[in-house]
1. If you go through region 160-199 one residue at a time, how many are small (Gly, Ala, Ser) and in contact (Cβ under 8 Å) with a residue 24 or more places away in the chain?
2. Any idea how many residues of region 177-214 are exposed (fewer than 12 other Cβ atoms within 10 Å of the Cβ) and not in a helix (DSSP H, G or I)?
3. Name the single residue, out of those in region 86-110 being aliphatic (A, V, I, L, M) and crowded, with 18+ Cβ neighbours inside 10 Å, that is farthest from GLY16 (Cα to Cα).
4. Counting only residues that are open to solvent by 20 Å² or more (accessible area, probe 1.4 Å), in contact (Cβ under 8 Å) with a residue 12 or more places away in the chain and part of a helix (DSSP H, G or I), which one in region 114-135 is nearest to TYR82 (Cα to Cα)?
5. In region 75-106, which residues are farther than 26 Å from ASP170 by Cα and charged (D, E, K, R)?
6. If ARG77 meets every condition in (1) touching a His at 6+ places or on another chain (Cβ under 9 Å); (2) surrounded by 21 or more Cβ atoms within 10 Å (Cβ to Cβ); (3) not in a strand (DSSP E or B) apart from one, which number is that one?
7. Just checking, which of LEU6, LEU64 is surrounded by fewer than 16 Cβ atoms within 10 Å (Cβ to Cβ) and in contact with a helix residue (DSSP H, G or I) (Cβ under 7 Å, 6 or more places away or on another chain)?
8. Hey, could you check region 147-159 for residues that are touching a residue at least 24 places away in the same chain (Cβ under 8 Å) and open to solvent by 30 Å² or more (accessible area, probe 1.4 Å) and say which is nearest to the chain's Cα centre (by Cα)?
Amino acid sequence: MKIGLLGGTFDPIHLGHIKPALEVLHQLNLDKIWLMPNHIPPHKQSTTVNSQHRLAMTQAVCELYDEFALCDIEINRDTPSYSVATLALLKQQYPQHQFYFIMGTDSFIQLPTWYHWQSLFDLCHIVVCQRPGWQLTAEHPMASILADNQLVSTSALTGKIYPIEVQPQDISSTQIRQLLSNLTLEERQDSNNAQLNALLPEVIQQYICQHSLYQAN
């Protein structure tokens, strides 16, 4: 099977994660997208809510969309979530699958700062989605890697970079957490709250209210 992998802190998971992932699945004709919440992300200091809540919210999204499945390999690890280690383990556990690692342009630009990043090309394909405010200039070192990668066959089992044009989603978890902290309980519970409905699936709004997450201190 052709499996897309989308990792993140998902703090909380939102439509800015969900909509581009669905577009990638359809454009590349993938069989499934595995949503993979991080436990200890190497590039972030901490998360706002604990792993159990982030895992439960991700599971709720997977139950909402048939295209998604939960991958808990990283959130159950007590060490930092290095992508190359995760991919190596997934390849070992699921040798029958082809993996497509999904990231934004911002992550692709910073890829040389990742742990053993070049080994990723031996383990999976890379899918690069446009992110608002980020652009790869011709002078950037990753631009030449992207250009050289055009010679890699689309029939290759790993190592192909797929730049994907997706509908821009200018949504961030930081923005959502700030919004939620400024809302009253009544505003949070209002199913017709247009601001929240544009950012979060209703099932995630309900979970956040039920567990009193992202409230102002």
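The values are calculated or read from the model by the stated rules, or taken from the named source; none is laboratory data. This one's a predicted model, so the numbers in the text were calculated from it and none came from an experiment. For neighbour counting, all protein chains shown are included, and Cβ atoms are generated from backbone atoms with ideal geometry for every residue, glycine included. Just so you know, the surface numbers come from the protein's heavy atoms only, side chains and all, with ligands and any DNA or RNA stripped out. Shrake-Rupley method; radii C 1.70, N 1.55, O 1.52, S 1.80 Å.
1. As a first pass, look at region 160-199 and keep what is small (Gly, Ala, Ser): 172-173, 181, 191, 194, 198.
Filter again for in contact (Cβ under 8 Å) with a residue 24 or more places away in the chain, leaving 172-173, 181, 198.
Going through region 160-199 one residue at a time, the tally reaches 4.
2. The qualifying residues number 6.
3. So in region 86-110, the residues aliphatic (A, V, I, L, M) come out as 87-90, 102-103, 109.
Within this subset, residues satisfying the condition of being crowded, with 18+ Cβ neighbours inside 10 Å are 87, 90, 102-103, 109.
Numbers: LEU87: 23, LEU90: 25, ILE102: 13, MET103: 12, ILE109: 19 Å.
Out of the qualifying residues, it is LEU90.
4. Among residues in region 114-135 that are open to solvent by 20 Å² or more (accessible area, probe 1.4 Å), in contact (Cβ under 8 Å) with a residue 12 or more places away in the chain and part of a helix (DSSP H, G or I), the one nearest to TYR82 (Cα to Cα) is TRP117.
5. Correct list: ARG77, ASP78, LYS91.
6. (2)
7. Details: LEU6 fails: surrounded by fewer than 16 Cβ atoms within 10 Å (Cβ to Cβ).
The match here is LEU64.
8. THR158
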